[in-house]
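Asker: Before we start, here is the structure in question, set down as structure tokens.
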Amino acid sequence: MATTKEYRDFILEQLSLLDNVSCRAMMGEYLLYYNNILFGGIYDNSLLVKIVAGNKKYTMQEQIPYKNAKPMYVVDDIDDKELLREIVIETCKDLPNKKRGN
């Protein structure tokens, strides 16, 4: 099942406390970037973030976003904008800052 544009828009609104968040459509789903760092995505109407040492403290459930992918964490509490901001910042601290291709 592909993610709906309405859900994508909702997630982007929930991430509005962060400047420089962008998303890129990818095969019916969306990749999410913060300051050009790929930190997660929206898959099947769920927000997932990469698993890194800095975000383990949030005790999120693991999920495989698509076949043959690495596990990611599912962010269940998407209504708490402050918590989402914190999770994204902590996740990005442990990820390399690479410019994404256009």
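Asker: Protein chains only, probe 1.4 Å: how do Thr59, Thr91 rank by accessible area, largest first? All intermediate terms of the calculation are to be shown ahead of the outcome.
Answerer: Values: Thr59 120, Thr91 0 Å².
Accessible-area ranking of Thr59, Thr91, largest first: Thr59, Thr91.
Asker: Now for a separate question. Given Cβ point charges of +1 (Lys, Arg) and -1 (Asp, Glu) and nothing else, what value in debye, to the nearest 20, does the dipole of the chain about its Cα centre take? Intermediate values should be presented prior to the final figure.
Answerer: Values: 14 positive and 15 negative charges, 137 e Å.
Dipole about the Cα centre, nearest 20: 660 debye.
Asker: Limiting things to C-alpha atoms, what are the Rg and the maximum Cα-Cα separation (Dmax) for the chain, in angstroms?
Answerer: 12.4, 34
Asker: For the chain, which whole percent of the accessible surface, found with a 1.4 angstrom probe, sits on carbon and sulfur atoms?
Answerer: Values: 2960 of 6150 Å².
Within the chain, the accessible surface is 48 percent carbon and sulfur.
Asker: Quick check for you: with a 1.4 Å probe and neighbouring chains kept, what is the accessible area per residue of region 43-102, in Å²? Can you show the working numbers first?
Answerer: Numbers: 3920 Å² over 60 residues.
That works out to 65 Å² per residue.
Asker: Short version: ³J(HN,Hα) in whole Hz for each residue of region 40-56, in order, from phi by Karplus 6.51 cos²θ - 1.76 cosθ + 1.60 (θ = phi - 60°), x for Gly and Pro, what are they?
Answerer: Calculated HN-Hα couplings, in order: x, x, 10, 10, 6, 6, 9, 8, 10, 10, 4, 8, 9, 4, x, 9, 5 Hz.
Asker: Heavy atoms only, probe 1.4 angstrom, no DNA, RNA or ligands counted: give me Cys23, Cys92 ranked by accessible area, highest first. Kindly include the intermediate steps, with their values, before the conclusion.
Answerer: Details: Cys23 40, Cys92 10 Å².
The most accessible residue leads, giving Cys23, Cys92.
Asker: Also: With a cut-off of at most 13 other beta carbons within 10 Å, and DSSP calling the residue loop, which chymotrypsin sites (Phe, Trp or Tyr not before Pro) in region 13-71 qualify? Please list them. Spell out each step's value before the answer.
Answerer: Values: sites: Tyr30, Tyr33, Tyr34, Phe39, Tyr43, Tyr58, Tyr66; in loops: Tyr66.
Those satisfying the criteria are Tyr66.
Asker: What FRET efficiency would be calculated for the residue pair Glu62, Asp19, taking the C-beta separation as r and a Förster radius of 22 Å, to the nearest 0.05?
Answerer: Working: r = 29 Å, r/R0 = 1.31.
Once rounded, the FRET efficiency stands at 0.15.
Asker: Which longest uninterrupted range of the chain lacks any trypsin sites (Lys or Arg not before Pro) assigned by DSSP to a loop state (not H, G, I, E or B) and surrounded by at most 16 other Cβ atoms within 10 Å? Don't jump to the answer; show the numbers that get you there.
Answerer: Working: sites that count: Lys67, Lys98, Lys99, Arg100.
The longest such stretch corresponds to 1-66.
The values are calculated or read from the model by the stated rules, or taken from the named source; none is laboratory data. Since this is a predicted model, take the numbers as computed values, not measurements. In this analysis, Cβ positions are derived from the backbone assuming ideal geometry, glycine residues included, and neighbour counts consider all displayed protein chains. The accessibility values were calculated without ligands, DNA or RNA, using every heavy atom of the protein model including side chains. Shrake-Rupley method; radii C 1.70, N 1.55, O 1.52, S 1.80 Å.
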